[in-house]
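Worksheet for the structure shown next.
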Amino acid sequence: MCAAPLGSLIPTTFSSTLIQPNAPQVVELESMLQVLLGESEEVRHLGAIYRNENSFDKQRFLRSLLPAFKVGPESLLEELLERMTRDFERDNLAVIEGWVLSKTEAELCASL
Amino acid sequence: MFVEAREVESNKELSVDVCIIGGGAAGITIALELEKEGRNIAVLEGGGLDVEGESQNLSHGDITGVPYFPLIAACQRRLGGNTNMWGSWCRPFDEIDFEKRDWVPYSGWPFDRKHLDPYYSRAHKRLKLRDFNYEESYLLEGKSELRVLPLKGEVKTKLWQFHKPPVRFGHDQKEELTKSSSIKIYLHSNVTEIEADETGENISRVHVASVGGHKYFVKAKVFVLATGGIQNPRILLASNKVQKQGLGNQQDLVGRFFMEHPHIHRRGLVMATDAQTYPALYNTDSQYNHQVVGGICPSEELQRREKILNASITLNPTIRYSAHAEMSEGLVDTMSGYLSDLADLPGKLYEKAKLKITGKRTPRAPRLVLDVSTRQEQTPNPDSRVLLSTEKDALGVPRANLQWKLVGLDARTATTLHRNVAKSFGAAGIGRFKLELEENYPDDLSNWDPKGSYEGIEGGWHHMGTTRMHEDPKQGVVDGECKVHGINNLYVAGSSVFPTSSFANPTLTLVALAIRLSDHLQKAVLV
């Protein structure tokens, strides 16, 4: 796995144009997720269904990931995978058109 | 030796030590076990050595409950019985299957699994199986392609073992049976009545007839009824000259509690995270290559906590995905893309960075989509039963009427298992599960008509429970030794004595019980 610093993973255009002065890190995180996953029609499809069927606070979800995000992408990744595993173990699930997903997965899709 | 019915003098009364009615797995096993003691044994087989229309037609009957296989096909009337069409799926019942479970009505055997273990071990020899050992370390030794999935949570892998080709009882031992001086197998010899004496406490003889009209009688010290879970109650109910409600039926239990193993095929999908290393163990085809198949089953803890029955699922590469083009544009493809894009996040972080540098996109890895098939225990249910039809067969015996009935607990067992397998696959990172069964059936649903997503639910050709075993005559047709309550010399063998059914296929357990009954007859009855 690449241990490159976060800045090298994020295209300059995103990091320079989308950062908001009042919540720069949240916007930076959102931009990174867009780059990583936003191209995927499938992920957006699942996210749209989840948003339609659930009340979803995107800002709250993104803020909850900030501590890990500040450390770096590996830490963010570990946080996401840990949450997914925990979700499955604790029955914190989202069923989208029959597919059983962890709530974290569903919220990640819905945040795009 | 083998004897054709027509070779017996008409209306003659034969006299033997043991008369076994039915030449299937149970009947042949008992004959071979008793032969060691030099007993004079008659096995009455209704058919011949092969399928014959006239004989098979005697098994025809009505289906008035949940749709079922035609009885003319479900009850093989020929030497070997239904072992002529079985696949050798073998696995002992679990310890919990023998327990009285407060959430499973009418559950509990007169003995525990440990009591049956020595008989299971001997049954393995009869079925040409490997040692009586179902540990992964034993059955999967040296088979790396059959590794066990690292399941998490409250589901676990359990194994079946097989012998290929499957043992065909009577045929595989034909030489031994032909040479035997103490066993005579009478072919085309259908029992039309079990005749009790005037007290109803002893069987004096059975009436035998062939389709050609030949008739004779067999008198014995002991009679063993071993014609399967549909024909056993049929014969008892039809033998009603002395006991008007049928033999052994004082408590109206004969024919009740019919159980199958409900099979729900191709309901549920699994998208495996890693197609390359996904093990073949859970594919039912591995029985042919490896003589072993794995099922994913609820743990005892899960069964106790969720109050569900025992069950299993197997996973075969889907035929639906490749067969229907529209699904490639549906959610299956969505999930495949999703797993490519999300579940492999570690690689993606790296790939995305590289993408910006090289301008190339790494192709998505191939995904493996698996169909989920469920085989499960059935709730014991007195309304699920075998009755006598108003129609009679060519020999004048009322035909069987099968009313197979399911209840809410049967439905909830499948859906609960599916949800827990979904959780396990997610937690272990080995895939995602698509639920396709309708949920939320109440447990107190006493007559569940499986429609919608359950359309096509079927049995496994396993007929159990219709002469159930219980020490209390008010709760069972036979006692713990498989003797019919209230009758001194009539025993029942086969899966019709099972009080509960597990999810495991019945043959190994019924052969073990047949060996146990043989021991009992030798030690306590034929002395």
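The values are calculated or read from the model by the stated rules, or taken from the named source; none is laboratory data. Every value quoted in this text rests on a predicted model; they were computed, and no experiment measured them. Using ideal geometry, Cβ is built from the backbone for each residue, glycine included, and neighbour counts are taken over all protein chains shown.
A few notes on this one:
- Some residue of the stretch B:81-95 being surrounded by fewer than 22 Cβ atoms within 10 Å (Cβ to Cβ) and more than 15 Å from residue B:507 (Cβ to Cβ): yes
- From the list B:455, B:481, B:438, B:471, the lone residue that is over 27 Å from residue B:162 (Cα atoms), within 14 Å of chain A (Cβ to nearest Cβ) and either of a type outside the set (Lys, Arg) or without any contact (Cβ under 8 Å) to a residue 40 or more places away in the chain (or both) is B:438.
- The criterion of being under 20 Å from the mean Cα position of the chain (by Cα), in contact (Cβ under 8 Å) with a residue 60 or more places away in the chain and buried (at least 24 other Cβ atoms within 10 Å of the Cβ) does not hold for residue B:490.
- The residue that is farthest from residue B:186 (Cα to Cα), among those in the stretch B:13-57 that are in a strand (DSSP E or B) and in contact with a Leu (Cβ under 8 Å, 6 or more places away or on another chain), is B:17.
- In the stretch B:387-413, the residues that are farther than 16 Å from residue B:260 by Cα form Cβ pairs under 9 Å with partners that are of a type in the set (Phe, Trp, Tyr) and part of a loop (DSSP other than H, G, I, E, B), at six or more places apart or across chains, as follows: B:412/B:441.
- Residue in the stretch B:107-115 that is surrounded by 17 or more Cβ atoms within 10 Å (Cβ to Cβ), assigned to a helix (DSSP H, G or I), of a type in the set (Phe, Trp, Tyr) and in the same structural domain as residue B:514 (by TED's automatic domain parsing) present: no
- Only one of the numbered conditions (1) of a type in the set (S, T, N, Q); (2) surrounded by fewer than 20 Cβ atoms within 10 Å (Cβ to Cβ); (3) within 14 Å of another protein chain (Cβ to nearest Cβ) is violated by residue B:403, and that is (3).
- Hits in the stretch B:236-267 - residues which are within 21 Å of the chain's Cα centre (by Cα) and hydrophobic (A, V, I, L, M, F, W, C): B:253, B:254, B:257, B:258, B:259, B:264
- Flag if residue B:481 is modelled with pLDDT of 95 or more and of a type outside the set (Lys, Arg): yes
- Every residue from the stretch B:17-59 that is more than 30 Å from residue B:523 (Cβ to Cβ), of a type in the set (A, V, I, L, M) and surrounded by 20 or more Cβ atoms within 10 Å (Cβ to Cβ): B:58
- When A:97, A:53, A:107 are checked against the criterion of being under 30 Å from residue B:372 (Cβ atoms), more than 11 Å from chain B (Cβ to nearest Cβ) and either aromatic (Phe, Trp, Tyr) or surrounded by fewer than 15 Cβ atoms within 10 Å (Cβ to Cβ) (or both), a single residue qualifies: A:53.
- Residue in the stretch B:42-51 that is more than 19 Å from residue B:28 (Cα to Cα), among the β-branched types (Val, Ile, Thr) and at pLDDT 95 or above present: no
- Just one of the listed residues (B:204, B:121) is outside any loop (DSSP other than H, G, I, E, B), in contact with a strand residue (DSSP E or B) (Cβ under 7 Å, 6 or more places away or on another chain), of a type in the set (Gly, Ala, Ser) and not assigned by TED's automatic domain parsing to the domain that holds residue B:427, namely B:204.
- Test: residue in the stretch A:27-41 that is crowded, with 20+ Cβ neighbours inside 10 Å, facing chain B (nearest Cβ under 10 Å) and over 27 Å from residue B:270 (Cα atoms): yes
- For the stretch A:60-76, residues that are free of Cβ contacts under 8 Å to residues at least 60 places away in the same chain, within 12 Å of chain B (Cβ to nearest Cβ) and under 20 Å from residue A:38 (Cβ atoms) total 1.
- Some residue of the stretch A:7-14 being touching a Ser or Thr at 6+ places or on another chain (Cβ under 9 Å) and modelled with pLDDT of 90 or more: no
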